[in-house]
Amino acid sequence: MPGSPADEGGLEPGDQVTAVAGIDVEGWFEFTREIRTRPGERVEITLVREGREIIRAITIDAEEEQGVQVGKMGVYQPVGALSYSPVPLTEAMVYGYRETVAVTGMILGFLRDLVTGGISPRSLGSIVTIGEASGQAAAAGVDSFLRFMALFSVNLAILNLLPIPVLDGGHLAFLLIEGVRGRQVSFETKMRWSQVGFLILMGIMVMALGNDFLRLMGF
């Protein structure tokens, strides 16, 4: 974008970014994760242009999103300019693995910041936010929609593994406790903790719905 940090730093359409602040990035998710977590910082961007490696120093903008400062550079994924070519199955699996790891890191980072106070609870969204995001992804094309569905699936998988009773992660936690103690946790104890877990999940759902309601009302 004209006047953006990327434009002022000398980035051009078609440049392939390979590293941010010395950290290798492969794919869009890794790139945006590094940029969003560095609001206001001046970093070195390593890129490849016409086969040549170039390093540019860029000061990342700091913008507020739902009460949280995030980094923005004025770079957008060229959805309309994507091209497709067949690759071997093994190469596709490796790329899929790398993208999944990048998305997982981004989600875990969000959860960490949410717990430590680095991100406001107002950033939580409910099914309303999910519906809006899926609609925007579908409008951008099949590729964007499939990427969104993959991101959503990884998100659900990670959340399901949280050690909260009634989730699969809670059941794994009970199994771990039983393995350490050498005896089973009583049915009554499991039921009590499952009720606590259910209340926690309901509280999160109500908070997320409330956030969406306030956002739609303009607050």
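Here are some notes:
- Residue satisfying all of: in the stretch 129-175; of a type outside the set (Val, Ile, Thr) and part of a loop (DSSP other than H, G, I, E, B); farthest from GLU188 (Cα to Cα) among these: GLY141
- Annotation note: of ALA173, ALA139, ALA133, the sole residue that is assigned by the TED database to the domain that holds ILE204 and out of contact with any Ser or Thr (no Cβ under 6 Å at 6 or more places or on another chain) is ALA173.
- Strands (runs of 3 or more DSSP E) wholly inside the stretch 37-81 containing at least 2 residues that are among the aliphatic types (A, V, I, L, M) and modelled with pLDDT under 85: 68-72
- Condition broken by GLY118, with the remaining ones in (1) part of a helix (DSSP H, G or I); (2) within 16 Å of the chain's Cα centre (by Cα) satisfied: (1)
- Taking the conditions (1) modelled with pLDDT under 80; (2) in a helix (DSSP H, G or I); (3) more than 25 Å from MET149 (Cβ to Cβ) in turn, ALA6 satisfies each one other than (1).
The values are calculated or read from the model by the stated rules, or taken from the named source; none is laboratory data. The model shown is predicted, which means the values in this text are computed figures rather than measured ones. So basically every Cβ, Gly included, is an ideal-geometry build from the backbone, and we count neighbours across all protein chains shown.
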